[in-house]
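The values are calculated or read from the model by the stated rules, or taken from the named source; none is laboratory data. Computed from a predicted structure; not experimentally measured. Neighbour counts are summed over all protein chains in view; Cβ atoms, including those assigned to glycine, are modelled from backbone coordinates with ideal geometry.
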Ligand code: MN3
């Protein structure tokens, strides 16, 4: 049985960049729905209820065919949102420095160029989905986007940073302006968490 994880900060904590009402509805309603749907999907399949989100996503092809799609959508939805919420922090509380920052500068030349590339992926994702900074096991960085609730795990890539570009992530405050949402999201990136994800998954 999967449960809703508490936000690591208050609903109001990311203002004015991500507004309180969006945070509340996104976390307590949208994410809760993915959790409820995932639990409902696994209800008649007790043998898979002990699997972690990562296992359900990585090994979805081993599941009975009739639950593969709902698991892909809902385990993906829970996993992605957990990473997304954990991946933000009140503006100015974390800093762009360390091993990951060095790798970003080495790969993309500058912070501005990195952000422009990630933004292009976020704006280029047609319809709903996510833009990601990912790494392989050797620490090589890549920017990708995925549709719906697909994750980089199935591509053997490690999620470092992700931005939700489903309209529910920004419509209340930014309406159709996905670019403005992206620029504001970038102000509340939790660089400490991103660094931790990068360092702990790379085989030196
Ligand atoms: Mn979302």
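A few remarks follow.
- Check on residue 52, away from the ligand (no atom under 16 Å from the Cβ) and in contact (Cβ under 8 Å) with a residue 40 or more places away in the chain: no
- Considered as a group, the residues in region 113-156 that are more than 15 Å from the chain's Cα centre (by Cα) and in contact (Cβ under 8 Å) with a residue 40 or more places away in the chain include one that is surrounded by the fewest Cβ atoms within 10 Å (Cβ to Cβ), and that residue is 138.
- From the list 22, 41, the lone residue that is in contact with a helix residue (DSSP H, G or I) (Cβ under 8 Å, 6 or more places away or on another chain), within 16 Å of the ligand (Cβ to nearest atom) and part of a helix (DSSP H, G or I) is 22.
- Members of region 1-15 that are away from the ligand (no atom under 16 Å from the Cβ) and within 16 Å of residue 85 (Cα to Cα): 3, 6, 8, 9, 10, 12, 13, 15
- Some residue of region 169-190 being within 12 Å of the ligand (Cβ to nearest atom), assigned to a helix (DSSP H, G or I), surrounded by fewer than 20 Cβ atoms within 10 Å (Cβ to Cβ) and more than 11 Å from the chain's Cα centre (by Cα): yes
- Residue within region 122-140 that is modelled with pLDDT of 95 or more, away from the ligand (no atom under 16 Å from the Cβ) and in a helix (DSSP H, G or I) present: yes
- Which numbered condition residue 106 fails, given (1) assigned to a helix (DSSP H, G or I); (2) touching a strand residue (DSSP E or B) at 6+ places or on another chain (Cβ under 9 Å); (3) surrounded by 13 or more Cβ atoms within 10 Å (Cβ to Cβ): (3)
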